[in-house]
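Student: Here you go, one structure.
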Amino acid sequence: MTVAWDVALCSPPHRTFSYGTPDYLPERSWAVGQRVMVPVGGSVRMGVIVGSLDGERQGERKLKPLAWPLDQELLLSKDVLELVRHLAKRQMAPEGLVLSSVLPKALRAGAVHFALRDGDTVSKIRLDHILRASPSELAVYGQAWLDGLLTPVIAERADRRNATYVLLRDPPWDLRPGAKRQLAVLEYLFTHGCASRERISQEWQADAAASESRNPDRVLADLVRKGLIQESPGLDASVDILPAQPQPQECAGTTTMEHALTAEQTEAFAVLQADLEQAVREKKGLVRLVHGITGSGKTLLYLRLARAALAMGKSVLLLAPEVALSAQLWTEVSRNFPDVPKHWYHGYLNPGAKLAVFRAARHQATPRIVVGTRSALFLPFADLGLIILDEEHDASYKQDEGFMYQAKEVAYFRINQQGGLMLLGSATPDVKTFHAADQGEIARVTLRKRISRCQLPEIGLVDMRRESRSDPLSTVCRAELESALERKEQAMFLLNRRGFAPLVSCLDCGTAPKCPRCEVGLTYHKAWERLLCHYCGYTHLFPCNCAQCGGTRFLPMGEGTEGLEEYLGNMVASSQAIVRLDRDSTRRKGRMESILETFAQGRAQIMVGTQMLSKGHHFPNVTLVVAVDGDVGLNLPDYRAAEKTFQLLVQLAGRAGRGERPGRVLIQTRNPEHPCWEHIRTGNYEAFFSQELERRRKFAYPPFVKLAMIRLSYPREWERGADVVTQAGEHLLREGARLGLRVLGPAPAPLSLLNGRKRIQCLVKAMSWLELRDVYSSLQTILPRSSPFRSSLDLDPVNM
Ligand code: ADP
Ligand code: ZN
């Protein structure tokens with residue numbers, strides 16, 4: 001007999017509290033994994049039952065009872081709960097915090113209404129009304145809940161036109177013959193899990209008799225009233241769960257599964273298919289890296305493997321680091337799997353649409369394909385056989401706000417739970433991944449040839465020390481641009497995002513000052529007239545002499561790039577249009593798509609943008625790509641600066657010359673001797689990798705150590721702040737020395753003041769994650785309680 005339920009709150013403070021079973025609902029109405037309303041202080045809050053205790057262990061403690069359940073059927077599977085528990089432990093975060101970032105917003109809603117059905121009438125009842133009800137009324141509500149007549153209403157206003165419908169339970173197949181239409185809708189939902197109103201109307205009209213109404217709304221409303229299906233409001237038309245109509249420009253580069261595989265693809269596919277079969281058969285997780293240069297046909301491999309997994313009755317998760325990239329995969333999947341149930345799941349879906357997919361995953365009857373971004377890993381599938389992470393090196397696979405996680409680790413956990421193949425695909429793998437492959441921890445397949453006749457573009461370096469300082473573009477770039485435009489071709493200009501604080505480089509030799517201990521770029525802080533290392537806190541007076549050539553004149557890097565759009569505007573004819581792609585220009589929903597479309601359709605000739613433009617887009621008419629300030633990336637205060645630059649520029653080069661005409665890539669640099677350039681020019685990943693690995697070994701960075709960033713912050717005006725930071729730093733150094741870890745810092749974070757809070761960070765290097773968690777938890781014991789001081793732990797930070 002259960003006497004205590006552990007409920008993790010899905011809102012701050014995200015703690016877990018114990019509750020008893022209320023007398024108006026029997027014990028069987030409650031279950032681990034269920035969303036429930038519970039009393040907390042004076043209010044009622046949403047939480048998830050994450051555990052239960054039986055009588056013996058509970059003892060005599062008197063517990064507040066649970067208030068009301070929100071699910072008749074459990075939405076969170078055992079596997080997802082297990083994953084949540086694992087992540088909470090790993091991140092040292094409360095389970096409620098993990099849950100609140102895993103659950104779609106619609107499932108975290110606090111104030112809930114209920115619909116009470118009595119015959120054909122439905123009345124709406126507020127939760128607080130239920131909670132204040134008399135015992136006899138409560139007994140009535142309790143019975144109604146048990147009978148399925150009382151159902152939570154998730155959203156108040158439904159936008160009927162864009163609504164999505166989800167099947168709530170197995171259809172009663174013996175519905176009266178008169179309910180033929182209802183049965184048809186139920187059947188459709190039974191195989192597809194969920195569908196938009198539009199889709200249902202299409203089906204409806206396809207086989208409606210002439211005498212029937214052209215409109216399914218009445219039948220849908222009947223089914224909602226019977227509690228058989230649920231309506232979720234306001235699915236955004238552009239992110240329908242229907243296969244989106246492929247855009248014309250996307251067709252140019254899309255893959256058809258019917259292509260005969262090349263020799264290289266055939267070989268790779270045979271290996272991967274055997275892996276997949278073995279993993280599914282033996283119910284164990286297998287991981288493979290697909291290292292294939294840009295344009296080597298990785299997507300076709302993904303699609304063929306997806307088909308193989310579906311044929312084995314397994315669902316497929318196909319992930320991209322960002323929504324825009326997932327859109328391309330979605331198009332491919334839609335074209336190639338017209339008859340397979342599928343969903344597109346990502347952070348920009350509205351709550352109703354997310355909920356619909358979440359439910360569909362839980363109640364599915366047939367295997368399906370989900371295309372999406374990292375959050376799709378938390379969908380409660382029970383039959384995953386294949387998880388593919390395309391562009392696996394991308395930093396966006398790490399969620400580093402709120403609850404932090406690395407999608408690759410979550411995927412690894414999921415695939416081990418379910419038994420299947422996890423595929424990491426990239427032209428420029430994460431150094432850590434490639435190292436693991438080198439060590440034999442991950443098996444690997446390699447694609448070395450481009451599919452199409454057109455070769456990888458020629459990459460040239462432009463020595464900017466010989467150019468006029470007032471001109472952001474070199475003479476050769478300007479000439480190349482002019483001739484590209486004359487030939488009616490397009491050009492892309494990369495403005496590497498500049499560091500948080502200014503980086504400087506020597507005007508004479510192009511060298512940028514680096515931290516002697518950490519080997520990362522130093523940033524200039526004007527107020528202190530110093531250069532600073534954000535890893536270890538090392539500082540150096542500035543201005544100073546260049547360590548390389550003794551020069552005394554320095555140049556801020558990345559400066560003037562903001563004006564590039566304007567500069568280009570003045571340079572080209574007024575008939576030429578320029579689009580800009582960066583965080584600012586794409587903040588509004590749908591903007592990114594429209595910018596990309598404008599460019600793809602040739603309504604703009606030039607695209608200027610941050611690293612966003614390097615990612616996976618296919619623009620056959622682009623023949624010139626320019627990295628305007630190639631040095632910014634290399635000198636970022638980040639140990640992965642070289643890796644990121646290599647990835648960025650090789651991907652960027654992959655953008656040029658994808659059509660019939662050859663492409664050209666120009667990298668402008670003040671430091672053409674840097675060893676990185678040669679590998680970028682030749683696109684030689686292996687050579688870059690060995691060089692980078694040596695550097696990582698020498699300066700003790702991953703994969704040779706485990707890294708954690710401990711972030712500390714306090715309100716600027718809090719006068720004890722600086723003292724607490726000092727104490728924390730001393731404690732970490734002491735504990736670090738005791739445990740044999742290296743602690744760097746405390747140093748100001750790259751954004752040392754944000755939202756009125758001072759931000760400080762300590763970098764810790766250890767041999768195991770456990771040691772890092774230990775040192776972090778020991779820190780918690782000395783931090784002042786109930787103060788505005790905050791600390792957080794970022795394991796394996798990727799955006800620094
Ligand atoms: P990657 O993802 O490795 O950069 P893609 O999957 O985009 O490469 O493939 C590049 C192009 O080659 C695409 O247009 C794709 O349709 C085409 N392609 C891939 N495999 C084949 C094949 N076996 N036969 C013909 N075309 C192919
Ligand atoms: Zn340093």
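The values are calculated or read from the model by the stated rules, or taken from the named source; none is laboratory data. Quantities reported herein were computed from a predicted structural model and do not represent experimental measurements. With ideal geometry, Cβ positions are generated from the backbone for all residues, glycine too; neighbour counts draw on all protein chains shown.
Student: Hey, among Leu532, Leu541, Leu503, which residue is farther than 30 Å from Val625 by Cβ, within 32 Å of the chain's Cα centre (by Cα), outside the structural domain of Leu652 (by the TED database) and away from ligand 1 (no atom under 16 Å from the Cβ)?
Tutor: The unique qualifying residue is Leu532.
Student: Give just the number: which of (1) surrounded by 13 or more Cβ atoms within 10 Å (Cβ to Cβ); (2) closer than 19 Å to Asp638 by Cβ does Leu751 not satisfy?
Tutor: Result: Leu751 fails condition (1) only.
Student: Return the total of residues in region 323-339 being modelled with pLDDT of 85 or more and either closer than 23 Å to Ser77 by Cα or under 17 Å from the mean Cα position of the chain (by Cα) (or both).
Tutor: 3
Student: Provide a single number: the residues in region 284-293 that are part of a loop (DSSP other than H, G, I, E, B) and either near ligand 1 (Cβ under 6 Å from one of its atoms) or in contact with a Lys or Arg (Cβ under 8 Å, 6 or more places away or on another chain) (or both).
Tutor: Total meeting the criteria: 1.
Student: Here's a follow-up. Scanning region 378-399 for residues that are under 20 Å from Asp430 (Cα atoms) and part of a helix (DSSP H, G or I), which turns out nearest to ligand 2 (Cβ to nearest atom)?
Tutor: Among them, the one singled out is Ala395.
Student: Of the conditions (1) within 24 Å of Ala749 (Cα to Cα); (2) assigned to a helix (DSSP H, G or I), Pro703 satisfies every one except a single condition; which number is it?
Tutor: For Pro703, the failing item is (2).
Student: Restricted to region 245-266, and to residues that are crowded, with 18+ Cβ neighbours inside 10 Å and at pLDDT below 80, which residue is farthest from ligand 1 (Cβ to nearest atom)?
Tutor: If we take residues in region 245-266 being crowded, with 18+ Cβ neighbours inside 10 Å and at pLDDT below 80, then Gln249 is farthest from ligand 1 (Cβ to nearest atom).
Student: May I pose another question? Quick check: is even one residue across region 758-777 part of a loop (DSSP other than H, G, I, E, B), farther than 25 Å from Cys515 by Cα and either among the hydrophobic types (A, V, I, L, M, F, W, C) or more than 16 Å from ligand 1 (Cβ to nearest atom) (or both)?
Tutor: Yes, that holds for at least one residue.
Student: Of all residues in region 422-461, how many are outside any strand (DSSP E or B), on the phi < 0 side of the Ramachandran plot and among the small types (Gly, Ala, Ser)?
Tutor: Of the residues in that region, 4 qualify.
Student: List the residue pairs whose Cβ atoms are under 8 Å apart, where the first residue sits in region 652-673 and is over 17 Å from Glu480 (Cα atoms) and at pLDDT below 75, the second is surrounded by fewer than 22 Cβ atoms within 10 Å (Cβ to Cβ) and of a type in the set (Ser, Thr, Tyr), and the two are 6 or more positions apart or on different chains.
Tutor: These pairs meet every condition: Arg658/Ser452.
Student: Something else: Tell me whether region 376-389 contains one or more residues that are among the acidic types (Asp, Glu) and under 13 Å from the mean Cα position of the chain (by Cα).
Tutor: Looking for residues that are among the acidic types (Asp, Glu) and under 13 Å from the mean Cα position of the chain (by Cα), one finds none in region 376-389, hence no.
Student: Also, I was wondering about something else. Quick test for you: out of Arg368, Arg414, pick the one residue that is over 20 Å from Arg281 (Cβ atoms), in contact (Cβ under 8 Å) with a residue 60 or more places away in the chain and more than 13 Å from the chain's Cα centre (by Cα).
Tutor: The conditions single out Arg368.
Student: Turning to a different aspect of this structure: Being in contact (Cβ under 8 Å) with a residue 40 or more places away in the chain, part of a helix (DSSP H, G or I), touching a helix residue (DSSP H, G or I) at 6+ places or on another chain (Cβ under 7 Å) and farther than 30 Å from Val665 by Cβ is the requirement here; does Glu735 meet it?
Tutor: Yes, satisfied.
Student: Still on this structure: Using the structure shown, decide if Ala437 is assigned by the TED database to the domain that holds Arg307 and more than 22 Å from Leu581 (Cβ to Cβ).
Tutor: So Ala437 fits the description; yes.
Student: Kindly provide the set of residues from region 294-324 that are out of contact with any helix residue (DSSP H, G or I) (no Cβ under 8 Å at 6 or more places or on another chain), part of a loop (DSSP other than H, G, I, E, B) and closer than 19 Å to Arg444 by Cα, ordered by number.
Tutor: Passing the criteria: only Gly295.
Student: Considering (1) more than 16 Å from ligand 2 (Cβ to nearest atom); (2) crowded, with 18+ Cβ neighbours inside 10 Å, say which one Gly521 fails and leave the rest.
Tutor: Unmet condition: (1).
Student: From Arg773, Arg716, Arg697, Arg759, grab the single residue that is away from ligand 2 (no atom under 16 Å from the Cβ), farther than 24 Å from His393 by Cβ and either loosely packed, with under 15 Cβ neighbours inside 10 Å or in the same structural domain as Ala395 (by the TED database) (or both).
Tutor: Answer to the check: Arg716.
Student: Would you say Ala491 is in the same structural domain as Val625 (by the TED database), assigned to a strand (DSSP E or B), of a type in the set (A, V, I, L, M, F, W, C) and more than 18 Å from Gly633 (Cα to Cα)? Let's see the steps before the verdict.
Tutor: Details: in the same structural domain as Val625 (by the TED database): yes; assigned to a strand (DSSP E or B): yes; of a type in the set (A, V, I, L, M, F, W, C): yes; more than 18 Å from Gly633 (Cα to Cα): yes.
For Ala491, the condition - in the same structural domain as Val625 (by the TED database), assigned to a strand (DSSP E or B), of a type in the set (A, V, I, L, M, F, W, C) and more than 18 Å from Gly633 (Cα to Cα) - is met.
Student: Just one of (1) modelled with pLDDT of 85 or more; (2) surrounded by 15 or more Cβ atoms within 10 Å (Cβ to Cβ) trips up Thr475, so point out which.
Tutor: (2)
Student: Consider Leu303 carefully, then state whether it is within 22 Å of the chain's Cα centre (by Cα), near ligand 1 (Cβ under 10 Å from one of its atoms) and at pLDDT 95 or above.
Tutor: Taking the combined requirement at face value, the residue satisfies it.
Student: Please verify whether region 283-299 includes one or more residues that are in the same structural domain as Ile415 (by the TED database) and within 26 Å of Ser101 (Cβ to Cβ).
Tutor: Taking region 283-299 as the starting set, the residues that turn out to be in the same structural domain as Ile415 (by the TED database) are 283-299.
Cutting the leftovers down to within 26 Å of Ser101 (Cβ to Cβ) gives us 285, 287.
Yes: one or more hits.
Student: Looking at Leu636, is it more than 16 Å from ligand 2 (Cβ to nearest atom), crowded, with 22+ Cβ neighbours inside 10 Å and assigned by the TED database to the domain that holds Val665?
Tutor: No; evaluated as a whole, the condition is false for this residue.
Student: Determine whether Arg681 is assigned to a strand (DSSP E or B) and surrounded by fewer than 19 Cβ atoms within 10 Å (Cβ to Cβ). Walk me through it before giving the result.
Tutor: Values: assigned to a strand (DSSP E or B): no; surrounded by fewer than 19 Cβ atoms within 10 Å (Cβ to Cβ): yes.
Criteria not met by Arg681.
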